[in-house]
Amino acid sequence: MTPSLPDVVVDYFRISNGGDDAALGACFTDDAVVHDEGGTHRGHADIQAWKRAARSKYDYSVTPVDSHRDGDRLTVSAELVGNFPGSPVTVDHVFELAGERIRALRIG
(Lines give C-alpha, C1' and ligand atoms only; values in the text may rest on other atoms or scores of the structure.)
Protein backbone atom coordinates (compact mmCIF):
# COMPACT_ATOMS: atom_id res chain seq x y z
CA MET A 1 0.00 0.00 0.00
CA THR A 2 1.34 3.42 -0.94
CA PRO A 3 0.88 5.94 1.86
CA SER A 4 -0.93 9.24 1.33
CA LEU A 5 1.75 11.94 1.42
CA PRO A 6 1.82 15.74 1.14
CA ASP A 7 2.47 16.98 -2.41
CA VAL A 8 5.93 18.31 -1.54
CA VAL A 9 7.01 14.87 -0.28
CA VAL A 10 5.58 13.18 -3.38
CA ASP A 11 7.58 15.68 -5.46
CA TYR A 12 10.74 14.96 -3.45
CA PHE A 13 10.46 11.21 -4.10
CA ARG A 14 9.68 11.81 -7.80
CA ILE A 15 12.86 13.89 -8.09
CA SER A 16 14.80 11.25 -6.14
CA ASN A 17 13.74 8.69 -8.73
CA GLY A 18 15.33 10.59 -11.59
CA GLY A 19 13.24 13.74 -11.87
CA ASP A 20 14.85 17.12 -12.58
CA ASP A 21 16.92 18.00 -9.50
CA ALA A 22 16.59 21.70 -10.37
CA ALA A 23 13.03 21.36 -9.04
CA LEU A 24 14.37 20.60 -5.54
CA GLY A 25 14.38 24.32 -4.75
CA ALA A 26 10.60 24.32 -4.86
CA CYS A 27 10.52 21.47 -2.32
CA PHE A 28 12.82 22.96 0.32
CA THR A 29 12.83 26.18 2.35
CA ASP A 30 15.71 28.57 1.66
CA ASP A 31 17.47 27.54 4.89
CA ALA A 32 16.69 23.81 4.62
CA VAL A 33 19.12 21.16 5.80
CA VAL A 34 19.51 17.52 4.74
CA HIS A 35 21.39 14.87 6.76
CA ASP A 36 22.37 11.76 4.78
CA GLU A 37 25.23 9.24 4.85
CA GLY A 38 27.01 11.18 7.59
CA GLY A 39 26.91 14.48 5.68
CA THR A 40 25.00 17.70 6.20
CA HIS A 41 23.79 19.75 3.24
CA ARG A 42 22.40 23.28 3.71
CA GLY A 43 20.49 25.49 1.30
CA HIS A 44 19.23 24.90 -2.22
CA ALA A 45 22.59 24.77 -4.05
CA ASP A 46 24.14 22.34 -1.56
CA ILE A 47 21.04 20.12 -1.52
CA GLN A 48 20.95 20.01 -5.34
CA ALA A 49 24.66 19.11 -5.42
CA TRP A 50 24.03 16.33 -2.86
CA LYS A 51 21.17 14.88 -4.93
CA ARG A 52 23.21 15.03 -8.18
CA ALA A 53 26.14 13.29 -6.46
CA ALA A 54 23.87 10.54 -5.12
CA ARG A 55 22.35 9.97 -8.59
CA SER A 56 25.81 9.77 -10.19
CA LYS A 57 27.20 7.47 -7.47
CA TYR A 58 24.28 5.04 -7.36
CA ASP A 59 21.59 3.78 -9.69
CA TYR A 60 18.60 3.49 -7.36
CA SER A 61 14.89 3.85 -6.89
CA VAL A 62 13.02 4.69 -3.73
CA THR A 63 9.41 3.76 -3.00
CA PRO A 64 7.47 4.98 0.05
CA VAL A 65 5.81 2.07 1.84
CA ASP A 66 4.55 3.56 5.12
CA SER A 67 4.29 6.91 6.88
CA HIS A 68 3.54 8.42 10.26
CA ARG A 69 2.88 12.09 10.97
CA ASP A 70 3.35 13.92 14.26
CA GLY A 71 2.61 17.61 13.76
CA ASP A 72 5.17 19.05 11.34
CA ARG A 73 7.28 15.86 11.47
CA LEU A 74 6.56 13.19 8.88
CA THR A 75 8.42 9.88 8.92
CA VAL A 76 8.27 7.95 5.66
CA SER A 77 9.63 4.41 5.49
CA ALA A 78 10.76 3.73 1.94
CA GLU A 79 12.22 0.77 0.12
CA LEU A 80 15.53 1.71 -1.47
CA VAL A 81 16.69 -0.58 -4.29
CA GLY A 82 19.89 -0.06 -6.24
CA ASN A 83 23.48 -0.89 -7.00
CA PHE A 84 24.81 -0.52 -3.46
CA PRO A 85 25.78 -3.09 -0.82
CA GLY A 86 22.82 -4.49 1.11
CA SER A 87 20.18 -3.56 -1.47
CA PRO A 88 17.26 -3.58 -1.02
CA VAL A 89 16.85 -1.79 2.31
CA THR A 90 14.05 0.04 4.06
CA VAL A 91 15.16 3.52 5.08
CA ASP A 92 13.34 6.12 7.16
CA HIS A 93 13.09 9.62 5.73
CA VAL A 94 12.21 12.05 8.53
CA PHE A 95 10.83 15.28 7.08
CA GLU A 96 10.30 18.45 9.09
CA LEU A 97 7.73 20.44 7.18
CA ALA A 98 7.20 24.20 7.15
CA GLY A 99 3.88 24.83 5.49
CA GLU A 100 4.12 23.27 2.04
CA ARG A 101 7.92 22.97 1.99
CA ILE A 102 10.59 20.83 3.62
CA ARG A 103 12.63 22.55 6.33
CA ALA A 104 14.76 19.51 7.21
CA LEU A 105 15.26 15.94 6.09
CA ARG A 106 17.14 13.17 7.87
CA ILE A 107 17.68 9.95 5.92
CA GLY A 108 18.75 6.81 7.71
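One table, with the values for the structure above:
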item	result
Any pair with Cβ under 9 angstrom, 6 or more apart, that starts in region 96-107 at a residue that is in a strand (DSSP E or B) and ends at one that is at pLDDT 95 or above and hydroxyl-bearing (Ser, Thr, Tyr)	Ala98/Thr29; Arg101/Thr29; Ile102/Tyr12; Ile102/Thr29; Arg103/Thr29; Ala104/Thr29; Leu105/Tyr12
Boolean, Asp30 is acidic (Asp, Glu) and either free of Cβ contacts under 8 Å to residues at least 12 places away in the same chain or not in a helix (DSSP H, G or I) (or both)	yes
Whichever residue in region 27-42 is within 13 Å of Arg101 (Cβ to Cβ) and over 13 Å from the mean Cα position of the chain (by Cα) and, among such residues, is surrounded by the fewest Cβ atoms within 10 Å (Cβ to Cβ)	Asp30
Matching residues in region 1-16 - criterion: being in contact with a strand residue (DSSP E or B) (Cβ under 8 Å, 6 or more places away or on another chain) and either at pLDDT 95 or above or closer than 15 Å to Trp50 by Cβ (or both)	Leu5, Pro6, Val8, Val9, Tyr12, Phe13, Ser16
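The values are calculated or read from the model by the stated rules, or taken from the named source; none is laboratory data. Predicted, not measured: the structure shown is a model, and the values here were computed from it. Cβ sites come from the backbone with ideal geometry, for glycine too, and all protein chains shown count toward neighbours.
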